[in-house]
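What follows is calculated from the coordinates using simple rules that are stated; it is not laboratory data. All values reported here derive from a predicted model rather than from experimental measurement. All Cβ positions, even for glycine, are placed from backbone atoms using ideal geometry, and neighbour counts span all protein chains on display.
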Amino acid sequence: MPEQKTVATTGNSVVAEAFRQCAPDVVPAYPITPQTTIVEEFAKFVAQGRVHAEYVAVESEHSAMSACVGASAAGARVMTATSSQGLALMWEELHIASGMRLPIVMANANRALSAPINIHCDHSDVMGARDTGWVMLFAETAQEAYDNTIMSIPIAEDPEVLLPVMTCLDGFITTHSIDRVRLMDDESVSAFVGEYKPVNALLDLDNPVSHGNFAGLGGPYFEFKRSQREAIDRSKAVVERVGAAFSELSGRPFGLIETDMMDDAEVAVVVIGSTAGNVRHVAKQLRAEGVKAGLVKIRCFRPFPYAELAAALAGVKAVAVLDRAESFGAEGGPLYLETRSALYDAEHRPAVVNYVYGLGGSDVKLELIRSVFTDLSDIATGTPALHGPVYLGAR
Amino acid sequence: MATLRELSHREDRLEGGHRLCAGCGASIAVRQILLGAGTDPAIAGCATGCLEVSTTIYPYSSWKVPFIHNAFENSAATISGVEAAFKGLKRAGKIPADKKVKFVAFGGDGGTYDIGLQSLSGAMERGHDMVYVCYDNGAYMNTGIQRSSATPKGAWATTSEVGKAQQGKQQRRKDLTSIIAAHGVPYVAQGSISHWKDLTSKAEKAFAVDGPAFLNVLATCPRGWRSAYNKSVEHAKLGVQTGYWPLFEVEEGEWKLSSPSKALIKAGRKPIEEFLKPQGRFRHLLQPGNEELLSEVQADIDAYWEYLLKRCGEL
């Protein structure tokens, strides 16, 4: 296992470092809080001549992703970063990037969407992009944000996948807090991500191709979409394979989900992102008090690990799903809907309740998490399940 | 510039057999401009629109160069990405340092004057080595002749209708060519499909400069203009002769009237009616009761002509 350097720095800083180590050919980007320091640090690498990438300081996020599409179709390794309104502005292009099967890697600093305007963390932005055909990985910590960024390259560029990958980290909580991170050396990362060998590149001038053709009027649009579905289904095994390989290199485990104290858990919380830390902390306290509490953290949201989640929750009496995003008019938040769906075929379906929490950076205090476990224990012992979603901690 | 003999030996980079209408000005513009690209390899992009849907029906393509269509408003940003890839891959040593490739983005007036203006402005400001070509037929023709900011004042369009309360489009055209010239890019020009020699030489200049260049080309749309499909080139020529569409270029900030338009200083411009008459979209303008609107249209053209002569040092 190669030597790793331990540093104390922010999530954004290590994402920028991972960008540098992955050696993209083009980085088109537009600044937005709280993503800004990723692109600032990368722009510094450009000025210092430490990267060969062409940095395209575009005039909007729509143009950022448009230029990513052009550059990736041309045959370049392309990375970018955004957040919130920026991701929303890219929405049209997110579909085009995946539909054209372009292995672009993008970091997203998870942030609330307007209105009212708010710059703090929630998952409204990324959850709004969940059906755009991107592989989506979520980080709990700065370490995971760094690791996920590196792993995204071989996942996206795998010939069996060829899909864009979004690596999501929580705005401010993970992007801006100082955390302890172990960094790989440049050579190890370089060898791990490998050299990009594009297919159907525009710059392969001897083999001219057309990208983005018209497939309507009875054309094969429907069949293209099926092949996209097959690709993202195949990506699941690739996420696992790349995770296993990076585990060997780094000594850190990477599954589609992470389970903690789930072997004999009676009550469990399903959560995404930085809040997993709070849940783990409370679950440990509760364990000391004799409560059989557990945690399931979703690392890979697209493709969604239905079977893995159902297996993790087998035997649990009551489950709380914590959503840091709304799906207005739906039965609950996006993670809740997926979790319920994952459990539909389970032999013994546990009670599942939904909490919407932390919107717009609303504080996720430990006592709130504790109250969720208390609700679960009540449900496990016969109290009727709440009809959610419950707005956890809303004044 | 290349002679007609030389041009006639160059490969046509937009193949026939596409599904554009008979008399469409867009394909004429593309062929003339790609002839001007010379013999270097080229990569083309195109905004959503007639040109794009009619030339790239899967699994076919009329483009004999690598081609990319992304969306409606981002032809400029997309090609700027392709050009950035070329630079990045050169720096990585994956493309030889002396390799030359031309990058060109096409868009109609809807995709350029309106929805794509920001993307175009950004690409021009960033200084990508690319040529952006607007084929201006004066409306959203692909979706059924809706008005754009390039639609001439008084013209009928399906979103600037003619009726008791309103006689076609109420507003003047946007002067996009001046807007792009104000970006200070090395080369900006206005051309027309009716003046192939002028247009091809402008394309040559546009491709030759190091940095961004912009070409705005008058391209007839017989469907939208409600005009005879076998007279498209003639109708565009009337646009030039009446001063509706002056031919000029801005080379390193220097404004210059091109010879077909410069000749009009002495010979005089034809009255705007000559441009309007063969086009059904202007029929109401020439009917009794609309004299005032018609004289406004003429006055606008006169004022723009004056402005242009001043900028070109002809006054």
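Dividing the Cα convex hull volume of region A:119-241 by residue count, how many Å³ per residue is that?
156 Å³
The 3J(HN,Hα) values that the Karplus relation (6.51, -1.76, 1.60; θ = phi - 60°) gives for region B:174-181 are, in residue order, 7, 8, 5, 4, 5, 4, 6, 4 Hz. Gly and Pro appear as x.
Test of understanding: ordering B:E273, B:E83, B:E6, A:E338 by Cβ neighbours within 10 Å, fewest first, what list do you get? Let's see the in-between values first.
Details: B:E273 15, B:E83 29, B:E6 11, A:E338 21.
Arranged by neighbour count, lowest to highest, B:E273, B:E83, B:E6, A:E338 become B:E6, B:E273, A:E338, B:E83.
What does the charge count near A:I379 come to, summing +1 for each Lys or Arg and -1 for each Asp or Glu among other residues with Cβ under 12 Å from its Cβ? Here the count lands on -2.
Over region B:38-189, the reciprocal of the mean inverse Cα-Cα separation, the Kirkwood hydrodynamic radius, stands at 16.7 Å.
Calculate the mean, over all residues of peptide B:50-58, of how many other protein chain Cβ atoms lie within 10 angstrom of the residue's Cβ. If you can, show how the numbers build up before the last one.
Working: counts 0, 0, 3, 4, 1, 3, 6, 6, 11.
Across the residues of B:50-58, the mean count of other-chain Cβ atoms within 10 Å is 4.
Evaluating 6.51 cos²θ - 1.76 cosθ + 1.60 at θ = phi - 60° for every residue in region B:137-149, the Karplus couplings come out as 10, x, 4, 7, 6, 4, 9, x, 6, 8, 5, 10, 6 Hz, glycine and proline recorded as x.
Ignore the peptide's own chain and count Cβ atoms of other chains within 10 Å of each Cβ in B:101-111; give me the average, rounded.
On the way: counts 4, 0, 3, 0, 1, 0, 0, 0, 0, 0, 0.
Mean number of neighbouring Cβ atoms from other chains: 1.
Straight-line reach from B:K94: taking Cα to Cα under 17 Å and skipping same-chain neighbours fewer than 8 places apart, the aspartates and glutamates in range are A:D25, A:E54, A:E195, A:D204, A:D206, B:E83.
May I ask you to list, by number, the DSSP H helices of chain A whose Cα span along the axis is at least 18 Å and whose average Kyte-Doolittle hydropathy reaches 0.5 or more?
Numbers: long enough: A:61-74 (19 Å, 0.58); A:142-157 (23 Å, -0.07); A:221-250 (42 Å, -0.51); A:275-288 (20 Å, -0.47); A:366-380 (21 Å, 0.79).
Those that clear 18 Å and a mean of 0.5 are A:61-74, A:366-380.
The H on the amide N of A:N110, modeled in the peptide plane, is under 5 Å from the matching H of A:L169, A:D170, A:G171, each at least 5 residues off or on a different chain.
I'm checking a number: the convex hull volume of the Cα atoms of region A:211-284, normalised per residue, in Å³. What is it? Don't skip to the end; give the middle numbers.
Numbers: hull volume 13.6 nm³, N = 74.
Each residue corresponds to 183 Å³ of Cα convex hull volume.
Which percent, nearest 5, of DSSP beta bridges in the protein assembly as shown are antiparallel? Given both bridge residues lie in the protein assembly as shown, the antiparallel proportion sits at roughly 25 percent.
When chain B is treated as a Gaussian network with alpha carbon springs shorter than 10 Å, the biggest mean-square fluctuation among B:C46, B:C21, B:C134 belongs to B:C21. Shown in residue order for region A:171-181 are the 3J(HN,Hα) couplings computed by the Karplus curve 6.51 cos²θ - 1.76 cosθ + 1.60 at θ = phi - 60°: x, 6, 4, 9, 5, 10, 6, 6, 9, 8, 10 Hz (x for Gly and Pro).
How big is the Kirkwood radius of the protein assembly as shown, worked out from every pair of different alpha carbons and given in Å to one decimal? Numbers along the way, then the final one.
Numbers: mean 1/r = 0.0361 Å⁻¹.
So the Kirkwood estimate lands at 27.7 Å.
Between B:A47, B:A76, B:A228, the Gaussian network model of chain B with springs among Cα atoms under 10 angstrom shows the greatest mean-square fluctuation at B:A228. Going by neighbour counts of Cβ atoms within 10 Å, the residues A:R340, A:R349, A:R20 line up, fewest first, as A:R349, A:R340, A:R20.
Which whole number of Å³ per residue matches the convex hull of the alpha-carbon atoms in region B:158-280?
Numbers: hull volume 15.4 nm³, N = 123.
Considering the Cα atoms of region B:158-280, their hull volume per residue is 125 Å³.
Peptide A:47-60 has a mean of 5 when you count, residue by residue, the C-beta atoms of other protein chains within 10 Å of its C-beta. Calculated from the alpha-carbon coordinates, chain A shows an Rg and a Dmax of 20.8, 70 Å respectively.
Based on Cα coordinates alone, diagonalise the gyration tensor for region B:4-311, multiply each eigenvalue by 5, take square roots, and list the semi-axes in whole Å, largest first. Show your work: numbers first, answer last.
Numbers: eigenvalues 210, 86, 65 Å².
In descending order the semi-axes read 32, 21, 18 Å.
Over all other residues within a Cβ to Cβ distance under 13 Å of B:N137, the charged ones net out to +3, with Lys and Arg as +1 and Asp and Glu as -1. A cut-off of 5 Å between modelled amide H atoms, ignoring neighbours fewer than 5 places along the same chain, links A:A320 with A:A268, A:V269, A:V270, A:V353.
How would B:T220, A:T33, B:T158 line up from fewest to most surrounding beta-carbon atoms within 10 angstrom? All intermediate terms of the calculation are to be shown ahead of the outcome.
Values: B:T220 31, A:T33 18, B:T158 13.
Ordered from fewest to most neighbouring Cβ atoms within 10 Å, B:T220, A:T33, B:T158 come out as B:T158, A:T33, B:T220.
Pairs exceeding 27 Å between alpha-carbon atoms, taken from A:K236/A:K297; B:K64/B:K197; B:K169/B:K202; B:K270/B:K310; A:K297/A:K317; A:K44/A:K236: B:K169/B:K202; A:K44/A:K236.
Distant-in-sequence amide contacts of B:G191, defined by a placed amide H-H separation under 5 Å and a gap of 5 or more residues or a different chain, comprise B:N216, B:V217, B:L218.
Divide by every residue of chain B the summed helix terms, -39500 (n - 2.57) for each DSSP H run of at least 4, and state the resulting mean residue ellipticity at 222 nm, rounded to the nearest 500 deg cm²/dmol.
On the way: 12 runs with 118 residues, N = 315.
About -11000 deg cm²/dmol.
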